[in-house]
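Have a look at the structure below before the remarks.
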Amino acid sequence: MKQIRIFALSAVLIFTVAAGEHDRRGAAASSAPQSQQSTPTIASTVDREISGIERQLVEVAEAMPEDKFNFSPESLNLRGSDYQGVRTFAVQLKHVASSNYFIWTPLTGDKVPERIKDGNGPADLKTRPTSSSS
């Protein structure tokens, strides 16, 4: 568990340093006066990047036709293929969400929700999420 925490902290640190450097380069190239621009913090940089990824995942989930949500290449029964046990699209989305709990809760001090037992997400979650915009 300690190795996961160290890896996660290292990844966040590397990511935020790289993102901060990108922001500084963009700010230097901007024609706006320096006094009007605020220096991004590590927290604001991480929040912006995570929010962007979250938005992309939600858009992908909403764009997937409902009849394809539980698709897995295993169901194609292709001769010579090795798709045995490949996650469905729905389980992959649950995997991303569940993995975030396992990665971030040691850093935040929170607990993983009881419904999440492994990286495949809650087994009782069977329906497609509804769009918040509809």
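How large is ³J(HN,Hα) for each residue in the stretch 88-96, as worked out from phi by the Karplus curve 6.51 cos²θ - 1.76 cosθ + 1.60 (θ = phi - 60°), to whole Hz, x for Gly and Pro?
6, 4, 4, 5, 5, 5, 5, 4, 4
Are there trypsin sites (Lys or Arg not before Pro) in the stretch 66-104 that DSSP marks as loop and that have at most 16 other Cβ atoms within 10 Å, and which are they?
Hits after loop and neighbour filter: ARG79, ARG87.
Go through the stretch 41-57 residue by residue and turn each phi into a ³J(HN,Hα) via Karplus (6.51, -1.76, 1.60, θ = phi - 60°); whole Hz please, and just put x for glycine and proline.
These are the phi-based 3J(HN,Hα) values: 8, 4, 4, 5, 5, 4, 4, 4, 5, 5, 4, x, 5, 4, 4, 5, 5 Hz.
How do the peptides 116-122, 46-52, 105-111 rank, highest first, by the average count of neighbouring beta carbon atoms within 10 Å per residue?
Order by mean packing, descending: 116-122, 46-52, 105-111.
As an exercise, use a Förster radius of 30 Å and the Cβ-Cβ distance of PHE71 and THR105 to find the FRET efficiency, rounded to the nearest 0.05.
After rounding to 0.05, the efficiency reads 0.50.
With a 1.4 Å probe and every protein chain left in place, work out the accessible area per residue of the stretch 35-117 in Å², rounded to a whole number.
76
Looking at the stretch 47-134, which chymotrypsin sites (Phe, Trp or Tyr not before Pro) are in a loop (DSSP not H, G, I, E or B) and have at most 16 other Cβ atoms within 10 Å?
PHE69, PHE71, TYR83
So between VAL86 and VAL58, what do we pick up on full extension, going 0.36 nm a residue minus the alpha carbon distance?
Difference between extended and current length: 8.0 nm.
The values are calculated or read from the model by the stated rules, or taken from the named source; none is laboratory data. The structure presented is a predicted model; accordingly, all values stated were derived computationally and were not measured. Every residue, glycine among them, receives a Cβ derived from its backbone with ideal geometry; neighbour counts consider all protein chains shown. Just so you know, the surface numbers come from the protein's heavy atoms only, side chains and all, with ligands and any DNA or RNA stripped out. Shrake-Rupley method; radii C 1.70, N 1.55, O 1.52, S 1.80 Å.
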